[in-house]
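For reference, the structure is listed below as structure tokens.
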Amino acid sequence: MTEHNLAWRLEHRKAHIGVIGLGYVGLPLTLAIARAGSRVLGFDVDPSKAKLLETGKSYIKHIPSEDIELANQSGLFAATTDFSRLASVDVVIICVPTPLSSHFEPDLSFVKSTGHQIAAHLRPGQLIVLESTSFPGTTKDILLPILETSDLRCGTDFFLAFSPEREDPGNPNFSTAQIPKIVGGEGTDAQKLALLLYDNIVARTVPVSSSATAEAVKITENIFRAVNIALVNELKQIYSKMGIDIWEVIEAAKTKPFGFMPFYPGPGLGGHCIPIDPFYLSWKAREYGIPTRFIELAGEINSRMPSYVVNELAIALDRERKKGLNGSRVLVVGLAYKKNIDDTRESPALVLIDLLESRGAVVDYHDPHVPTIPRTREHGHLANRKSAKLDVETVGSYDVVLIATDHDDVDYRTLAEWSNLIIDTRNACGRNGISGNHIFSA
């Protein structure tokens, strides 16, 4: 049977592996595969990415170009825009975006179009693995029928599994290969093959009973975070009115060695996982007539945080500077959705800029990791704006500095000395022992 041949190739690192989508998930995965000693071919629709990779250059800041060069030198890694080469690989791993529509409904267009690309070149004996986050049932009910338009049958001619990505961009403690991998297959043969695949790449695999269960694991992880972040965001607003510092509360509470896990407030949620993925399940739950009150409430609280921050900024500006927001100059420090990376997907900083400008403020930003604002679906009008420099004259020209992302390579002590007023949404000043009558939390 065909699976036995593929099983041998996977076990002995002889399989040729393809990865579709060379972004924040796909590129680290391809490099991990090459480091593990298997040949890997990366596919992407963007020719500029393939050209950069061919020359040993990275386009993701927290992935050094040296890693690309080493992969190239190993002879195990290559990148292409030619999807006809899908027929040449033994395994195809799908790492494409799964965003939300403007109506907060799942947008699986990238998964579907990728499925059709694979179906056009699918051959017997291949293993297909979806890593893109989606609602339970996506692999079986949506991807599988598309692949079977090839006239090949799942479980007989080809094999299908789901293994959710668990990337944490910029986290120095957990690389792709160190994070346990959930694996769920469509049938026992697919499960065995997928486990053989990932056993050679990551430190530990965790098999579950089906692809739908694996999809549910990923959704559950992200809902857990979204709900708990919403809780501390709500507590922040309550404690602020009571004159209590939420950051001090959390630091003290986390000394309890059981029954408490620290989550931290912020100006809103960014990235792909937390602000988007929970809505995939709430949308799917409607099919079963089940309300998802926790998910929707958490989403409501988290999505309101940028407005809360802007209102707090306006109040502080009025009280401390005797100025209204309209016409005031605001410097947003930090554009990426989290510290120490260049990823601006769903960044609350972009929402903050829009809200501030809608109220008449003149807004610039500074981010050492994002020299130019990239084009995004929701904030295309902000594209190509340049990061402002930080010096005493520039910072002093702004009425207020809004810290939206707490990058480590910003000198907050000097920033505080130069600033007229600071609104700190990340406790960057407090964490560094910086205080002053012109520094406020929001």
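The values are calculated or read from the model by the stated rules, or taken from the named source; none is laboratory data. Given the structure is predicted, the values throughout are model-derived calculations rather than measurements. Reconstructed Cβ throughout: ideal geometry from the backbone, glycine too, with neighbour counts over all protein chains shown. Surface accessibility is based on the protein's heavy atoms, side chains included, excluding ligands, DNA and RNA. Shrake-Rupley method; radii C 1.70, N 1.55, O 1.52, S 1.80 Å.
Here are a few things to note about the model shown:
- Estimated Rh, the stretch 321-442: Kirkwood, alpha-carbon pairs, angstrom: 14.4 Å
- Rh by Kirkwood over Cα pairs, then Stokes-Einstein D for the chain at 0.692 mPa s and 37 °C, µm²/s: 140 µm²/s
- Counted over all Cα-Cα pairs of the stretch 1-148, pairs farther apart than 28 Å make up 20 percent.
- The sum of -39500 (n - 2.57) across all DSSP H runs of n ≥ 4, divided by the residue count of the chain, sets its helix-only mean residue ellipticity at 222 nm to -12000 deg cm²/dmol.
- Degrees, to the nearest 10: 293-321 long Cα axis against longest axis of the chain: 30 degrees
- Across the stretch 310-345, the residues whose backbone nitrogen lies under 18 Å from the label position 7 Å along the beta-carbon direction of residue 61 are 331-345.
- Highest-fluctuation residue, 306, 262, 169 considered, GNM on the chain with Cα pairs under 10 Å: 262
- Square roots of five times the Cα gyration tensor eigenvalues for the stretch 160-302, Å: 33, 20, 12
- Separation of alpha-carbon centers, the stretch 352-397 and the stretch 121-190, rounded to whole Å: 39 Å
- The stretch 171-215, Cα convex hull volume normalised per residue, Å³: 59 Å³
- Spacing of the two label points (7 Å from each Cα toward its C-beta) at residue 105 and residue 253, in nm: 3.7 nm
- Within a Gaussian network of the chain (alpha carbon springs, distance under 10 Å), most fluctuating of 395, 40, 91: 395
- Principal-axis tilt of helix 2-11 within the chain, Cα atoms, nearest 10 degrees: 50 degrees
- Amide proton proximity set for residue 92, modelled H, under 5 Å, gap of 5+: 18, 127, 128, 129
- GNM flexibility winner over the chain from 52, 313, 160 (Cα, springs under 10 Å): 52
- Förster-model FRET efficiency, 45 Å R0, residue 88 and residue 264, C-beta, rounded to 0.05: 0.45
- Between residue 304 and residue 397, full extension at 0.36 nm per residue minus the direct alpha carbon distance yields a gain of 30.6 nm.
- Panel note: the C-alpha atoms of the stretch 34-94, placed on their principal axes, show extents of 30, 26, 18 Å (largest first).
- Look at the alpha carbon pairs under 8 Å that are at least 6 residues apart: their mean separation over the length of the chain gives a relative contact order of 11 percent.
- On the basis of the beta-carbon distance and an R0 of 41 Å, residue 242 and residue 204 show a calculated FRET efficiency of 0.40.
- For a modelled paramagnetic label at residue 173, 7 Å from Cα along Cα-to-Cβ, the residues of the stretch 246-282 in reach, with backbone nitrogen under 12 Å, are 262.
- Over the stretch 122-184, the fraction of Cα-Cα pairs per 10 Å bin, rounded to whole percents and listed from the shortest bin up, is 20, 42, 25, 12, 1.
- In the frame of its principal axes, the stretch 1-51 has Cα extents of 39, 21, 17 Å, reported largest first.
- The chain: antiparallel DSSP beta bridges as a percent of all, rounded to 5: 10 percent
- Relative to the longest principal axis of the Cα atoms of the chain, helix 211-241 runs at roughly 0 degrees.
- Average accessible surface for the stretch 374-442: 49 Å² per residue, computed with a 1.4 Å probe over protein heavy atoms with every protein chain in place.
- Computed from the Cβ-Cβ distance with R0 of 45 Å, the FRET efficiency linking residue 220 to residue 51 stands at 0.70.
- Solvent-accessible heavy-atom area per residue, rounded to whole Å², over the stretch 168-257 at 1.4 Å: 49 Å²
- DSSP beta bridges confined to the stretch 126-266 are antiparallel in about 20 percent of cases.
- Accessible surface of the chain, 1.4 Å probe, proportion on carbon and sulfur as whole %: 54 percent
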